Amino acid sequence: KIAWLNRSEISNNDIYKIITYLTETQKQHIEDIVVLMPTHKSGYSAAEFISKKKIKVNHIFEDRDAGNWNSRPRKLAFRTDETGLKMSTINSYKGWESLTIVLVIPKNGSGFKGKENELIYTGMTRARSNLIVLNQNKKYWKFGESWQQML
């Protein structure tokens, strides 16, 4: 399945609703879902929000203001036998794949450093069965119009 949502704003609660839709309505295992975020800052915020909703989250994000930032050891949490939702930036998830990918595209490519087309393509190709794109960038709105709309 593929789905595309165009929204001017995507909140952490929107991401949480997609995850609960996938796990409760579609009966997917949380371990088979990966959320790909555009930046560490947005990813950390979303991971913290979702964790407070009593969902175990394995992620590479850290509060960079706290210091000692190093995502490499956390990438082991991407293994398929690890429990919980997985969250990452697209760059950090290169080479991995999952049954379900939720890809968040920012408004103006922020965090993509001029390589937004390549990174969006990379994020989309990480999905083995299901892809949900949450798009905030008007540049891609027409692209998603032919995709199934959900929620």
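Descending by average beta-carbon neighbour count within 10 Å, the peptides 28-39, 11-22 line up as 28-39, 11-22, the highest first. Take the Cβ atoms of Asp14 and Ser146, set R0 to 22 Å, and the FRET efficiency comes out at 0.50. For the listed residue pairs Lys1/Lys27; Lys17/Lys86; Lys17/Lys115; Lys17/Lys52; Lys1/Lys41, the alpha carbons are over 19 angstrom apart in Lys17/Lys115; Lys1/Lys41. Sorting the segments 47-56, 94-103 by their residues' average number of neighbouring beta-carbon atoms within 10 angstrom, most packed first, yields 94-103, 47-56.
Read-outs throughout are calculated quantities, based only on the coordinates presented, and are distinct from any laboratory measurement. These figures come from a predicted structure and were not determined experimentally. So basically every Cβ, Gly included, is an ideal-geometry build from the backbone, and we count neighbours across all protein chains shown.
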